[in-house]
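Please read the structure below before turning to the comments.
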Amino acid sequence: MRGQQLENPPPIKNGSFFREPLRMSRLTYLPGRIRTYDLMVRSHALYPTGLRAEGLLCYHTGSTPAGGSLPLGYLTRLRPAGGAIIKAMTGEDNQIPGPEPEGEGAPGFPDPGPPSPEEQVAVEQMARVRRWFHFGYEPRITRCLVGANIGVFLAMVASSGLQSLFSPSIETMLSWGALFGPEALYGQYWRMLTSLFLHAGLIHLVLNMYVLWFAGRIVEGVYGSIKFLALYLVAGLGGSLGMIVFSPLAVGVGASGAVFGVFGALVAFLQVRRGEFPPRFLAERFKGLMVFLFIGLAFGFTVPGIGNAAHIGGLICGYLAGLCVMPADPRDLRWHWKDSLRIAAMLLAIALVIHVEKRGMLDFTGDLMLARGMKMLDDHRYSDAVRYFNKCITRNPEDLRAHLGRAMAFAAQDKYRQAVEDCDKILSLDRKNVRALLTRAVCYGKVGEHEKSRSDLTRALSLDPAHPGAYALRGWDNMVLGDYQQSIDDYTKAMSNSRNAMQMHYSRGCARFAAGDRRGAVEDERRFLREAGWGEELAPYAVIILALSYRSLDKPEEASKILDEGAAHLKHAAWPYPVIEYLRREITADQLLARATDNGKMTEVQTYLGLDLLQQGKGEEASRCFKWVVEHGNKEFYEYPIARSQAEQKEVQ
């Protein structure tokens, strides 16, 4: 006997929480049996991936598994029970479509009687499922969290470039608030929360947001929006705490710790309320949760770069937070004062762990901070270096290495007085610290206190007599102070103790020129050009000194020759080539002065103009040039001591 088929009957419900209508797509009736096919319900509130509805009905009425066959006479029992279950889920009266039985039961079959107690229990349990899971609940917080994560990621990519779309740099993530244990432990506690909204690439973001969207709506429906937000953030803090404790040197980003906490809260809910739901329903839910957690944690243990410490910390804290704020009644999802006390206790426990961890990592973290500060110093990121050194000094105010590093960073930012204070602190604790003496000497020299600078350098040389840098620095101080012969001697000692004396030849050549030793100046500047080459920044200045020295020695041919060589090898568009043009008589003095657009260039121009005018016998005009340099010139330029020496000689004359 052929079966009768019902094709595409009208939908039972098209509710807001169904992606597709609940529909009996086909029922096939065979002699004395019924087999169901393709009866689907897609509810993304309770069953996010889809479930065979005939399985739901048979499953909860004690019948055969989904897709199995039933005696036709059982249809009259299945229909009222199934209708009650659908009413519990949808809130509407609906009946399962099918042929109406004749009389009190199906044809040829006795009336099966009223639903059994087990069937009534199943109906009541499904009603509780609907009440607790709040089908149709608007997941506002889940939407906001997903939107916030996506927005922060797009902003980071927009600010740092498309390279951050798939692999943002560590420095980019740190600048946006990534978690880094030492920074979080020493003042930047906010990183424990901001890191939850950062992701290390598009794939990382998509995976986390998919799982958050999948689980967040369910858990938010169970706990309510406010409680869901609280447990999400507490779980995120727990994940960050796990990273700090077990991976303190890792840079951590991502919402996965908080997402694992959402699953932890769902586990807590199902465990506490397990007596209110059908056993098979609980078994399948727990099975799905355990499979997800196992895969997630196993993936973290086997794939490098995944912070499983954050996953475990978030899972534990999410579970505990779920217990703390679990609703006592599905009709009351409000936030109560007891919830505040319990969450405050959890936050206090997290703070206590941070305090203990901070004390345990004190020395180790200080060394790490110092190393990062030195790395920033090497990378010329001086503000960041100061920040790390400040943390070291906060931890240990007598950390000499941190004070020295900060002094060097301050000096690189032209904050010489602050650098001197750090050096003073070092020398108050260690009077024989050569590096502190050298750093303070440099700072004194930069602010024009060359006597103090020379005194520190002399102390440093008494502790380390072979230090070439100290001799070179003192040579400059002596040149500025007018002690030209001592300057020459210091540069000579610096060269004898240094493997690379190239620039010191230029410096000693300037000192010899200022002292009136033109032959010595020619010797040093020639050697400098020979060793450094024409591409060296000081090469054009060496050409100028050579040309003026040759003219002072009455060797105009040599002066012209070196100027021609400079014209052939040097960049004409770069400064100080206009001075060479002037010495070659290609431009006038007024044209040269017009090109001196700042104090440094004017210092050079006035000095070289004065020297040229002096060689032309125009002593008065030359004196005015030298006087301007002495009164207004930049004292950090080699031209300043040269002009000063000429001005002093004119006064003597």
Counting only protein heavy atoms and leaving out ligands, DNA and RNA, the solvent-accessible surface of ILE312 at a 1.4 Å probe, in Å² to the nearest 10, equals 70
Once every Cα of region 205-267 carries one equal point scatterer and solvent is ignored, give the base-10 log of I(q)/I(0) from the Debye formula at q = 0.13, 0.15, 0.21, 0.25 Å⁻¹, two decimals.
-> -0.34, -0.45, -0.80, -1.02
Within a Cβ distance under 14 Å of GLU138, other residues only, what is the Lys/Arg minus Asp/Glu net charge?
-> +2
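If N is the number of residues in region 520-646, what value comes out of its Cα radius of gyration divided by 2.2 N^0.38 Å? Spell out each step's value before the answer.
On the way: Rg = 13.6 Å, N = 127, 2.2 N^0.38 = 13.9 Å.
So region 520-646 has a normalised radius of gyration of 0.98.
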Please give the per residue volume of the convex hull enclosing the alpha carbon atoms of region 167-301, rounded to a whole number of Å³.
-> 114
For region 156-240, the fraction of alpha-carbon pairs in successive 5 Å shells from zero, as % | 3, 14, 19, 21, 18, 15, 9, 2, 0
Close lysine pairs (region 521-653; alpha-carbon distance under 15 Å; 8 or more apart or on separate chains) counted at 5
Computed over region 303-438, Cα set: Rg, Dmax in Å = 23.1, 75
In Å, what Rg and Dmax follow from the Cα atoms of region 232-349?
-> 15.3, 46
Computed Rg/Rh for region 383-502 (Cα atoms; Rh = Kirkwood radius) stands at 1.02
Length-normalised contact order for region 171-291 - Cα pairs under 8 Å, 6+ apart - percent = 33
Calculated FRET efficiency, SER247 and GLN649, Cβ-Cβ r, R0 56 Å, to nearest 0.05?
-> 0.20
Could you grab the relative contact order for region 269-349? Cα pairs under 8 Å, six or more apart, rounded to a whole percent.
-> 24
Per-selection Kirkwood Rh - region 495-544 (Cα, Å, 1 d.p.) = 10.7
Quick one: how many Å² of ARG584 are accessible to a 1.4 Å probe, rounded to 10?
-> 80
Using θ = phi - 60° and the Karplus curve 6.51 cos²θ - 1.76 cosθ + 1.60, what whole-Hz ³J(HN,Hα) does each residue of region 233-240 get, with Gly and Pro shown as x?
-> 5, 5, 5, x, 4, x, x, 5
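Which percent of the accessible heavy-atom area of region 609-648 goes to carbon and sulfur, probe 1.4 angstrom?
Numbers: 850 of 1810 Å².
Carbon plus sulfur share of accessible area: 47 percent.
Show me the trypsin sites (Lys or Arg not before Pro) within region 154-237 that DSSP assigns to loop and that have at most 11 other Cβ atoms within 10 Å of their Cβ.
Details: sites: ARG191, ARG217, LYS227; in loops: none.
Loop-located and lightly packed - none at all.
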Cβ-defined net charge surrounding TYR444, 11 Å radius [Lys, Arg +1; Asp, Glu -1] | +1
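Keeping all protein chains in place, calculate the accessible area per residue for region 381-461 (probe 1.4 angstrom), answer in Å².
On the way: 3720 Å² over 81 residues.
Each residue of region 381-461 exposes 46 Å² on average to a 1.4 Å probe.
May I ask for the net charge around GLY600, where only other residues with Cβ less than 10 Å from the Cβ of GLY600 are counted and Lys, Arg are +1 while Asp, Glu are -1? Spell out each step's value before the answer.
Numbers: positive: LYS601; negative: ASP598, GLU604, GLU636, GLU639.
With Lys, Arg at +1 and Asp, Glu at -1, the neighbours total -3.
For region 444-564, what mean projected area does the convex hull of the alpha carbons give, in nm²? Working shown, then result.
Details: hull surface 29.8 nm².
Mean projected area of the Cα convex hull: 7.4 nm².
The values are calculated or read from the model by the stated rules, or taken from the named source; none is laboratory data. Keep in mind the model is a prediction, meaning the values are calculated, not measured. No Cβ is skipped: glycine too gets one built from the backbone with ideal geometry, and neighbour counts run over all protein chains shown. Surface accessibility is based on the protein's heavy atoms, side chains included, excluding ligands, DNA and RNA. Shrake-Rupley method; radii C 1.70, N 1.55, O 1.52, S 1.80 Å.
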